[in-house]
Amino acid sequence: MNAEEIARVQRDLENTVPGLELISTSSHSVQVKIRRTDHKQLRLLLMFPEGYPSKSILVEVKSHTLPERVMKLIENISEKEAKKLQGQHQVIAVCKVVRQFLDENMFIVCAAELDAVKNKLMEEGDDIKIRQKAGSFTVKAYKNGYFMAIRLSIDDDYPTVEVKIEMKETNFPKDLAEMFIRQSVEHARRCIVPPAIIKKGDPPFKVRASILPVAEYLIRDCIKYYPAAKCSICEEQAFPEDPVNVTQNEKSPVYVEYVYCSHVFHHKCLDDYMKTPPFKGGKKCPICAKRIFHEKWKATPELLEQRWAYKQAKDRELAEVSDFMEI
């Protein structure tokens, strides 16, 4: 590198490229650190081959936060830019290109998560649209005619801030779809916020990336699971085979009820079950034996016992009257 370019790099580089720190310069190389956020930072080693600048600069990228394939991509982009500038000064231009890449590619910090979503969770017919600059992607996943489109978005502080979740479109029942979103928000929160109670012997809490846990829950555990799920009481398929026949009427016998243990029931099946003894300790899910909590069935076991005893007494009275009338 000639003295003129060395002088320009030393004088202008840090002021030209935001977030850049000049570490060293010599006749053989320039080393810089470029930082956008704690998770989007790297070291750039620019090496001058014999014959520079007639020959293009060589680039090596190192980072503790970016995936290996992202670093290789930055090297390729940088060297391609350098080849365009053969015969000219290349250092500042290459650093600008690297900074631009960090600015315009929000998902470089979670490239492995996106790969897992596409390769492990999505099936033929599913669709994903990624908007790198906006930091969002939309997944539309299908199962047996049912579908849901969800938009997930991140900001510059990801993964120390959880992914944002928005439902765009679905033909699942409205209440159930909203439950999916609420539960996915809770999954994201648990990746970022330590539990209120830490059990003895548990490892120290560490913030973790939230895109993949959220996508696994929504795609694998909800969209791909519930269309074939069975009612936990009658063991018939909970949802109709044709989504057109899904009822939104909460009083319908076949309306699908979701409980906090994640199992589903037909409305009438659950209603009959919740009103039939035993009541001690609360009604338990027939599948997982966890206590059932639901906004529509909030009566205490004691009150349910009283109602059941009253109903049995009324039934006996009616039976006695019926027997008397037949005499």
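Going by alpha carbons, how many degrees (0 to 90, nearest 10) lie between the helix axis of 301-326 and the longest principal axis of the chain?
Around 30 degrees separate the two axes.
Rounded to the nearest 10 degrees, what's the angle between the helix 91-104 long axis and the longest principal axis of the chain, both from Cα atoms, 0 to 90?
The angle comes out near 10 degrees.
Determine the dipole magnitude for the chain: charges of +1 sit on the beta-carbon of Lys and Arg, -1 on that of Asp and Glu, nothing else is charged, the reference point is the Cα centre, and the result goes in debye to the nearest 20.
820
Measure nothing fancy, just the Cα-based angle from helix 3-16's long axis to the longest principal axis of the chain, in degrees from 0 to 90, nearest 10.
30
For segment 131-220, which chymotrypsin sites (Phe, Trp or Tyr not before Pro) are both in a DSSP coil and crowded by at most 15 other Cβ atoms within 10 Å? Display every interim value, and only then the final one.
On the way: sites: Phe137, Tyr142, Tyr146, Phe147, Phe180, Phe205, Tyr217; in loops: Phe205.
When the chymotrypsin sites (Phe, Trp or Tyr not before Pro) of segment 131-220 are filtered for loop state and at most 15 Cβ neighbours within 10 Å, Phe205 remain.
What spacing in nm lies between the two simple spin-label points modelled at Glu75 and Gln237, each 7 Å away from Cα in the Cβ direction?
Label-label distance for Glu75 and Gln237, simple model: 5.2 nm.
Considering only DSSP states other than H, G, I, E and B, which trypsin sites (Lys or Arg not before Pro) in segment 104-136 qualify as loop sites with at most 16 other Cβ atoms within 10 Å? Don't skip to the end; give the middle numbers.
Details: sites: Lys118, Lys120, Lys129, Arg131, Lys133; in loops: Lys133.
Answer in residue order: Lys133.
Find, among the GluC sites (Glu not before Pro) in segment 207-252, those assigned to loop by DSSP (not H, G, I, E, B) with at most 13 other beta-carbon atoms within 10 angstrom. Please report the intermediate quantities before stating the final value.
Working: sites: Glu216, Glu235, Glu236, Glu241, Glu250; in loops: Glu235, Glu236, Glu241, Glu250.
When the GluC sites (Glu not before Pro) of segment 207-252 are filtered for loop state and at most 13 Cβ neighbours within 10 Å, Glu235, Glu236, Glu241, Glu250 remain.
Could you tell me which of Ala3, Phe107, Leu20 has its Cα farthest along the dipole of the chain towards the positive end, charges placed at Cβ (Lys, Arg +1; Asp, Glu -1), taken about the Cα centre?
Ala3
Using log10 I(q)/I(0) by the Debye sum over Cα atoms at q = 0.08, 0.15 Å⁻¹ as the read-out, say which of (i) -0.59, -1.18; (ii) -0.35, -1.32; (iii) -0.46, -1.25 was calculated from these coordinates.
Step by step, log10 I(q)/I(0) by the Debye sum over Cα atoms at q = 0.08, 0.15 Å⁻¹ for this structure corresponds to label (i).
Quick one: Cα convex hull volume of segment 134-261, Å³ per residue? Before the final figure, lay out each step's value.
Details: hull volume 16.0 nm³, N = 128.
Looking at segment 134-261, the number lands at 125 Å³ per residue.
Using a Förster distance of 35 angstrom, determine the FRET efficiency expected from the C-beta separation of Thr37 and Ala228, and round it to 0.05.
The value I calculate is 0.25.
Using only the alpha-carbon atoms of segment 67-212, report the extent along each of the three principal axes, biggest first, to the nearest angstrom.
Here the Cα extents, ordered largest to smallest, are 64, 46, 22 Å.
Under 15 Å from a point placed 7 Å out from the Cα of Glu68 along the Cα-to-Cβ direction: which residues of segment 28-62 have their backbone N that close?
61-62
Bear in mind these aren't lab numbers, they're just calculated from the coordinates by the rules spelled out. Please read all numbers here as calculations on a predicted model, not as lab measurements. Ideal geometry is used to build each Cβ from the backbone, glycine not excepted, and the neighbour counts take in all protein chains shown.
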